[in-house]
Amino acid sequence: MSVQDTIKSQVTSHKVVLYMKGSPDFPQCGFSANAVNVLRACGVNEMFTVNVLENPEIRQGIKEFANWPTIPQLYIDGEFVGGSDIVTELYQSGELQKMLQP
């Protein structure tokens, strides 16, 4: 399975997927910490996370998958949402909460 196939499988088999640096309990950058905090503020308790620091192929592959150069990257229902700034803006406008509804 290629890296792109692995990423596609991850984003399509979980409702909320966050590619980040570190883990939700121990984020390794402020942007990743912010994304986790915003998701938790939306009531998301279960999210599939991928620590890109542990896998250089995924770290590069996710940038190509979404054509987005930075980490973190949030996917909801298989769709790319954005990075930390976009997630924050969507949260502040109330749009993120709507996207996360069952």
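Quick look at the numbers
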quantity: Phe48, Phe80, Phe26 arranged by Cβ crowding within 10 Å, fewest neighbours leading; calculated: Phe26, Phe48, Phe80
quantity: Karplus-derived HN-Hα couplings along the stretch 4-12 (A = 6.51, B = -1.76, C = 1.60, θ = phi - 60°), whole Hz, x at Gly and Pro; calculated: 5, 5, 4, 4, 4, 5, 5, 6, 9
quantity: 0 to 90° range, to nearest 10: angle between helix 84-93 axis and the chain longest Cα axis; calculated: 20
quantity: Cut-off under 5 Å, modelled amide H: who pairs with Val50 long-range; calculated: Leu18, Tyr19, Met20
quantity: Net length gained if the chain between Glu64 and Glu95 were fully extended (0.36 nm per residue, minus Cα distance); calculated: 8.6 nm
quantity: Helix-only mean residue ellipticity at 222 nm for the chain, each DSSP H run of n ≥ 4 adding -39500 (n - 2.57), per residue, nearest 500; calculated: -13500 deg cm²/dmol
quantity: Given charges at beta-carbon only (K, R positive; D, E negative), |dipole| of the stretch 3-99 in Debye; calculated: 80
quantity: Order of Met47, Met1, Met99, Met20 - criterion: other Cβ atoms within 10 Å of each residue's Cβ, fewest first; calculated: Met1, Met99, Met47, Met20
quantity: Relative frequency of Cα-Cα separations exceeding 18 Å in the chain, percent; calculated: 39
quantity: Least to most buried among Ile62, Ile86, Ile76 (fewest other Cβ within 10 Å first); calculated: Ile86, Ile76, Ile62
quantity: Dipole of the stretch 24-83, positive direction: furthest Cα of Cys42, Phe31, Gly61, with charges on the beta-carbon; calculated: Phe31
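Just so you know, all these numbers are worked out from the coordinates, no wet-lab data involved. Given the structure is predicted, the values throughout are model-derived calculations rather than measurements. All Cβ positions, glycine included, derive from the backbone under ideal geometry; neighbour counts span all protein chains shown.
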